[in-house]
Amino acid sequence: MKNTLLVLIFLLGSQNLFAQTTPIPNQPKLVVGIVIDQMRYDFLYRYYSKYTDGGFKRLMTQGFNCKNAQFNYIPTYTGPGHASIYTGSVPAINGIVSNDWFERESNKSVYVTSDTSYKTVGADNLSGNMSPQRMLTTTITDQLRLSNNFQSKAIGISLKDRGAILPAGHTGNAAYWLDGLTGNWITSSFYMSALPKWVADINAEQQPKKYLSQNWNTLLPIEQYTESTIDSIQYESSLPSDTKPIFPHHLSDSTWVKYDLVKYTPYGNTLLKDFAISTIKNENFGKGTVTDFLTVSFSSTDYVGHLFGPNSIEAEDTYLRLDKDLAEFFSFLDTWVGKNNYLIFLTADHGVAPVPGLAKDYHIPAGVINEISLLDSMKIILNKSFGDTGIILAYENQQLYLNHSLLEHKNITVEGVLNLIQPMLYRQKGYYNSFVIEDLNAATMPDQLKSVLNNSYLPKRSGDIMILYDPYWFGGRIKGTTHGAIFSYDTHVPLLWYGWKIKTGETGTLNHITDIAPTLSYLLNIQEPNGNVGTVINFNK
Ligand SMILES: [Zn+2]
C-alpha cells in the first residue's frame, strides 16, 4: 500500500515535471497569415504548371484547399478585406466600410487608417499618422494576445499601411509598412516611439534603391508566358518610368515618387519576404512557450494588376516571382520553427475584373462608367427639381451621401431623390440597380445579393442610396482595371491552410472570408473576435 502510494506520488510528480518542461502541444509555435492583394482564386491554377513545388503548390498539395471561399460584403477593397479576414466580421459590424468614406461629422472623406493623433516613426513625413482605431471590433490577433495576458506577440507587415495595421489589430506589438517617400519601413507612434534597432539597420541598407537601379525583365523567356496576352496592348497602363508597357521595364528612369515605384514591381514582394524573415528572426517569433502571430500582406500583385490587368505578362511574372519568394519563406519557417510547428493560411483581400478593353475585344459585355459625369447628371436633375445643388454631399463607393438637414428643410425623402434620378440611371450603360440603403430589402434583386448587401452597410458610415453596376463594369479609368464589385471575379479568392494540425484535402463547400478568424480561434483554442459572424471551416469534407 505504502509502495503504491509512493509510486503514485512519483508518477504525479513526474507528470508535473513533464508539464513544466514540455508545454501541452495545443497551440502551434507560430501562425503566419498571408494575404495576396488582388489574387483571384483561378490564379492558383492559371499559372500552376509554372509554379515551383515549394510555393503555392506546397500549400495546395500538402495542405487544405478551400476552393469556394467568397467575400460576403462589398466593396471588395483592401481595407475591408484585411479587416474582414482578421475580425471574422463584415463592414456592418467592424465598421471598415471601405478604404475611404464620407464622414458626416467632419463633412469630408476619411481614409480607413488615418489618425492625426499619431505621428510617423521611421521617417520625417506624415505617412505614419495612422492607427487601427476606425476598426470597431477585435481581430484574431487581439484575441490571441488577450488569451494569455499579452504574452503572445503579433506584428503586421505589408507594402501598404492598411494591409499592415488592420491585421495587427488594436493590441498588435507593431505594424510596419514601406513608405514610398523615403523607402523606409515605417510605423506609427500608436505602436512605439522609435523603430527597433533591427528595423533602422534594414532601412540604412536602402534596399528599395538597389532594386530600382536594375531593370525588370521576365523571369522566364518571354515566349513562355502563354497564359497571358502579348506584351504590348493599348489598354495597359504604363509605369511612370516607361514610355511603353513592355519588357524590360527601365525602373531607374522614374520621374515619380521614387520608392513607390518598387511596389509596382515584383521586387516589392521580395522586399516584404525579406522583411518577414527579419521580423521573425529579430523578434524571436516562434521560440517561446506561447504562439506568436505574423501577418504578411503582399501587395505588388495589386499594384501591378491595376496597371497592366490580370491577363498581362507583368501580372503573370509577378505571381511566378512571388511563388519563388513564398517557397523561400516556407523553407525558412521549416528551419526556424520546424515543420508542423507553424500554421499558415493564405488568402486574398479581393479579386479583380479583366481590363474592360480585353473583355470587349472578345465580345464580353464590359466597360467603364465615368462617375464624375454621372454625379454631374444627378446633380443637374436634383437642381432642376429643388433648386439646390447641395443635396448630394458625396458619391463614394457607389453610394450617394445626401444632406439630411437640407432634405428635411425642403421636405424631400431619400426615396423621392431616388425616384428622380432613376430614369436617367436606366439610360446609363452598365447600370444594374439602385435602391435606398435603409430599405434594401424592398429592392428587386436576387436574395443572395441582398444578404451580401446587408453585411455591407453601417448606417453611421454608409451613404443613403446605392448604385450597382453590371458585371465587368466599374467606375474609373479606361486603361488598367480594378475591383470592388459584388460579383464572383471580385469575391472568389484562394483560401489555403497548411502546417500544424492541418490535414491534406480540399472542399468545394461555400466558405466565407469571415470563416477564417473563427477557424483560427477553433484551432488555437481561443475566443473568436468580438464581432465575429463566421463559422468554423469543416476540414473533413
Ligand atoms: Zn486594389
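The values are calculated or read from the model by the stated rules, or taken from the named source; none is laboratory data. Since we're looking at a predicted model, the values are computed, not measured. Cβ placement follows ideal geometry from the backbone for every residue including glycine, while neighbour counts extend to all protein chains displayed. For the accessible areas, the whole protein counts, side chains as well, though only heavy atoms, and no ligand, DNA or RNA atoms are used. Shrake-Rupley method; radii C 1.70, N 1.55, O 1.52, S 1.80 Å.
Hey, what did the stretch 75-161 get for relative contact order, percent, Cα under 8 Å, at least 6 apart?
24
Multiply the residue separation of Asn540 and Glu205 by 0.36 nm, subtract the distance between their alpha-carbon atoms, and state the gained length in nm to one decimal.
The span from Asn540 to Glu205 would gain 115.9 nm if fully extended.
How high is the FRET efficiency between Ser385 and Ala194 when r is their beta carbon distance and R₀ equals 35 Å, given to the nearest 0.05?
So, using R0 = 35 Å, E works out to roughly 0.05.
Could you tell me which of Ala443, Ala366, Asn403 has its Cα farthest along the dipole of the stretch 345-488 towards the positive end, charges placed at Cβ (Lys, Arg +1; Asp, Glu -1), taken about the Cα centre?
The listed residue farthest towards the positive side: Ala366.
Could you give the dipole magnitude of the chain about its Cα centre, charging the beta-carbon of Lys and Arg +1 and that of Asp and Glu -1, in debye to the nearest 20?
In total the dipole reaches around 1080 debye.
Using a Förster radius of 25 Å, what is the FRET efficiency between Tyr45 and Thr509 based on their Cβ-Cβ separation? Nearest 0.05, please.
Efficiency for this residue pair is about 0.85.
Assuming 0.36 nm per residue, please report the length gained on full extension of the stretch Asp53 to Phe150 beyond their Cα-Cα distance.
Here the answer is 31.2 nm.
Subtract the Cα-Cα distance of Thr243 and Asn26 from 0.36 nm times their separation in residues, and report this length gain in nm to one decimal.
Extending this stretch completely gives an extra 72.5 nm.
Counting only protein heavy atoms and using a 1.4 Å probe, what share of the accessible area of the stretch 452-534 belongs to carbon plus sulfur, as a whole percent?
On the stretch 452-534, the fraction of accessible area on carbon and sulfur atoms equals 50 percent.
Just round it to a whole percent: the fraction of Cα-Cα distances in the chain exceeding 31 Å.
In whole percent, the share of Cα-Cα pairs in the chain beyond 31 Å is 49.
Starting from the amide H of Gly484, placed 1.01 Å from N in the peptide plane, find each other amide H under 5 Å away whose residue is 5 or more places distant or on another chain.
Thr76
Starting at the first residue of the stretch 340-352, write each ³J(HN,Hα) from the Karplus equation 6.51 cos²θ - 1.76 cosθ + 1.60 with θ = phi - 60°, in whole Hz, x for Gly and Pro.
Result, rounded to whole Hz: 6, 9, 10, 10, 10, 10, 10, 8, 9, 8, 3, x, 6.
Rounded to the nearest 0.05, what FRET efficiency is calculated for Arg427 and Gln234 with R0 set to 25 Å and r the Cβ-Cβ distance?
The value I calculate is 0.30.
For the chain, what proportion of DSSP beta bridges, expressed in % and rounded to the nearest 5, is antiparallel?
Expressed as a percentage, antiparallel bridges in the chain total about 50.
Under a plain spin-label model, where a point goes 7 Å from the Cα along Cα-to-Cβ, how far apart in nm are Glu371 and Glu223?
4.4
For Leu126, tell me the accessible area in Å² from a 1.4 Å probe, rounded to the nearest 10.
For Leu126, solvent-accessible area is about 130 Å².
Where the only charges are on Cβ atoms (+1 Lys, Arg; -1 Asp, Glu), what is the dipole of the stretch 399-541 about its Cα centre, to the nearest 20 debye?
Here the size comes out at about 420 debye.
What accessible area per residue comes out for the chain, rounded to a whole number of Å², with a 1.4 Å probe?
Ligands and nucleic acids excluded, the figure is 41 Å² per residue.
Please compute the volume of the convex hull spanned by the alpha-carbon atoms of the stretch 96-222 and report it per residue in Å³.
In the stretch 96-222, the Cα hull volume divided by residue count equals 169 Å³.
With a cut-off of 8 Å between alpha carbons and a minimum separation of six or more residues, what is the relative contact order of the chain in percent?
With pairs under 8 Å counted, the relative contact order is 28 percent.
Dipole size in debye (nearest 20) for the stretch 233-326 around its Cα centre, Lys and Arg Cβ +1, Asp and Glu Cβ -1?
260
Given Ile486, Pro245, Gly476, which one lies farthest toward the positive end of the charge dipole of the chain, if we put +1 on the Cβ of every Lys and Arg and -1 on the Cβ of every Asp and Glu?
Ile486
If the label point is 7 Å along Cα→Cβ of Leu126, which residues in the stretch 157-172 have backbone nitrogen under 19 Å from it?
161-162
Any lysines with Cα under 20 Å of the Lys379 Cα? List them, leaving off those in the same chain fewer than 8 positions away.
Lys108, Lys410, Lys429
Quick one: of Lys210/Lys324; Lys263/Lys339; Lys50/Lys324; Lys153/Lys460, which pairs are farther than 22 Å apart, Cα to Cα?
Over 22 Å apart, Cα to Cα: Lys263/Lys339; Lys153/Lys460.
Convert 37 °C to kelvin, take the viscosity as 0.692 mPa s, use the Kirkwood radius over C-alpha pairs of the stretch 156-300 as Rh, and evaluate the Stokes-Einstein diffusion coefficient in µm²/s, rounded to a whole number.
196
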